[in-house]
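Below is one structure; the comments refer to it alone.
The values are calculated or read from the model by the stated rules, or taken from the named source; none is laboratory data. Fair warning: this is a prediction, and the values are worked out from it, not measured in the lab. Methodologically, a virtual Cβ is constructed for each residue, glycine included, from the backbone with ideal geometry; neighbour enumeration extends over all protein chains shown. Accessible surface is based on the protein model in full, side chains and every heavy atom, while ligands, DNA and RNA are left aside. Shrake-Rupley method; radii C 1.70, N 1.55, O 1.52, S 1.80 Å.
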Amino acid sequence: MQQIKPALIYFILIFATGFALAMIRIPFLVPRLGERWAELVELPFMVLASFLVARWLVQRFGLVTVVQCIGTGLPALLMMLSAELAVMWFQGQSLGEYLGGRDPVSGMAYLFSLLLFAAMPLLVRQQAVNRP
């Protein structure tokens, strides 16, 4: 239960970052580069944000065990997926329509970034543990 707060903060900060970047991607990048390339350009910034926020969370909340890190990353991932489903529902799309409308290349990259998002607290913790 004590991992809910860092998980919620992690989700909110990364969701807000994605929302802010979408305000740049959709009107400025998509018309010039297309959906695939615009999403692929945005992706490294999202992964960087996940890294920076996860590193801060590990330090701020003292996430030192594997269980604590997984207990932060996994609930944050579930919150992110719930938010994605909510956005899809508000847009009046079914899950099949949503998945069918995703670009196969940027969609797979996005899926990989979600897995990185979930694992990032653990990866960052491992980096901190291995530091001399």
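Brief remarks on what is shown
- With N the number of residues in region 14-57, Rg(Cα) / (2.2 N^0.38 Å) evaluates to 1.21.
- 10 Å-binned pair-distance histogram of region 1-127 (Cα, whole percent): 13, 41, 32, 13, 1
- Percent carbon-and-sulfur accessible area, the chain, ignoring ligands, DNA and RNA, probe 1.4 Å: 74 percent
- Kirkwood hydrodynamic radius of region 53-132, from the reciprocal of the average inverse Cα-Cα distance over all distinct pairs: 14.1 Å.
- J(HN,Hα) series, region 12-19, from Karplus relation 6.51 cos²θ - 1.76 cosθ + 1.60, nearest Hz, glycine and proline x: 4, 5, 6, 4, 5, 5, x, 5
- Debye, to nearest 20: dipole size of the chain, +1 on Lys, Arg Cβ, -1 on Asp, Glu Cβ: 520 debye
- Compared with the dominant Cα axis of the chain, that is its longest principal axis, helix 104-130 is turned about 10°.
- 1.4 Å probe accessible area per residue over the chain, in Å²: 62 Å²
- Radius 12 Å from Cβ of Leu63, net charge of other residues (Lys, Arg +1; Asp, Glu -1): +4
- Whole-Å distance, taken between Cα centres, linking region 6-65 and region 74-132: 10 Å
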